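Reading through the structure tokens given below for one structure.
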Ligand code: SF4
């Protein structure tokens, strides 16, 4: 019985299928809003599902001379990481005091899986543009991870030194969301930009820069493998804002979570549509110098209880 | 919806642009097609940067000795099922380059072309009509 419940939660709700369906719908919202900003009509609502179905039923080509195992491991890693993350986020928010110990370190590792998958897949596909994309992905990962980790340290400090995810949610239910303080606002700004980079949206879509290196690490992928990458990206678009709400904005166990979630999505899409792409060295400087200093200021403020 | 494979292909044909030595007018018209004015994303059509992602190849220009192997290579790199759409009079026959020394002949000698869109260059409207016709024929 227990094993059935665990499998159900990982595969159907809130794991893979639920977050994939919601995530694909969010990619439609993203495309539609982008289209409206361009003064276009935009695709119909079923567009992401049609794309996904089509890719699933198409031929999958493995490039000659590439490692077959690594080539398929790349997309799968990200998908597995995101499914587990979905289960953790939901169980931590709805049963924060439950027996399931999910600490924030695990979440850092789970969030690292999609970029690692992209790096492995890109390097395995034996294409010069894919290698360039993979190396940029690696640089960008190290760039945004520094401010991201400092912000998480801020949050752990605010939650009274507990690294348990449930405790962070509980602490916010007791003393109000962490966002409503100076260090909370700084943390929110920094982490929103890190989320943008994690999603590789403009201005941080450097690894897949369409106009320079076509699709970067995805260039050799077709059919099912490409569909898995797309769906992982869609799940990230669903889960990262939820993660943001649960660490800064008081968790998503009540109805107020829906307007908060939509606000974050709109911010992300607007940022995506109003910015040019940075160069990789500019992004590195931005994250390490600019956001790094900002997040350290936030950490110090949080230390003094501001 | 009876055949999910066909439905998916019809609802989201991603196109890859194979510019096989065209005079560049057809290419410019294809770029026009992607502007907000014509907005082909309404039909789920997206321009992709890699033939591996493509469901339809838009070929333009005349085949010659130099680019024939490359065009064939791109066709082989595309996962099947895929459509080939010939844009411009150049792809229908060899057009005004008929008697040139390095032209190897019309496309249909080498590639299965699904729809020809004549015009020198064709208007974006007629390209949309051609793609719709090709999708209907499936
Ligand atoms: S059809 Fe006309 S416009 Fe198009 S490539 Fe040929 S010559 Fe140029």
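For residues in segment A:55-78 being within 23 Å of residue B:73 (Cα to Cα) and part of a helix (DSSP H, G or I), which is nearest to the other protein chains (Cβ to nearest Cβ)? Quick ask: steps written out before the conclusion?
Start the filter on segment A:55-78 by keeping residues that are within 23 Å of residue B:73 (Cα to Cα), which leaves A:55, A:57-68, A:71.
Remaining after also requiring part of a helix (DSSP H, G or I): A:55, A:68, A:71.
Details: A:55: 8, A:68: 16, A:71: 12 Å.
The residue in question is A:55.
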State whether the residues of segment A:118-125 include one that is surrounded by fewer than 20 Cβ atoms within 10 Å (Cβ to Cβ), in contact with a helix residue (DSSP H, G or I) (Cβ under 9 Å, 6 or more places away or on another chain) and more than 14 Å from every other protein chain (Cβ to nearest Cβ).
no
Which numbered condition trips up residue B:9, out of (1) more than 16 Å from the ligand (Cβ to nearest atom); (2) over 29 Å from residue A:229 (Cα atoms); (3) crowded, with 21+ Cβ neighbours inside 10 Å?
(2)
Conditions: (1) within 14 Å of chain A (Cβ to nearest Cβ); (2) away from the ligand (no atom under 16 Å from the Cβ); (3) closer than 20 Å to residue A:54 by Cβ. Residue B:35 meets all but one. Number of the miss?
(3)
Among (1) farther than 16 Å from residue B:129 by Cα; (2) within 16 Å of the ligand (Cβ to nearest atom); (3) surrounded by 17 or more Cβ atoms within 10 Å (Cβ to Cβ), there is one condition residue B:102 misses while meeting the rest; what is its number?
(3)
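Every number in this text was worked out from the coordinates using simple rules, so none of it is lab data. Owing to the predicted nature of the structure, the values given are computational and were not obtained by experimental measurement. All Cβ positions, glycine included, derive from the backbone under ideal geometry; neighbour counts span all protein chains shown.
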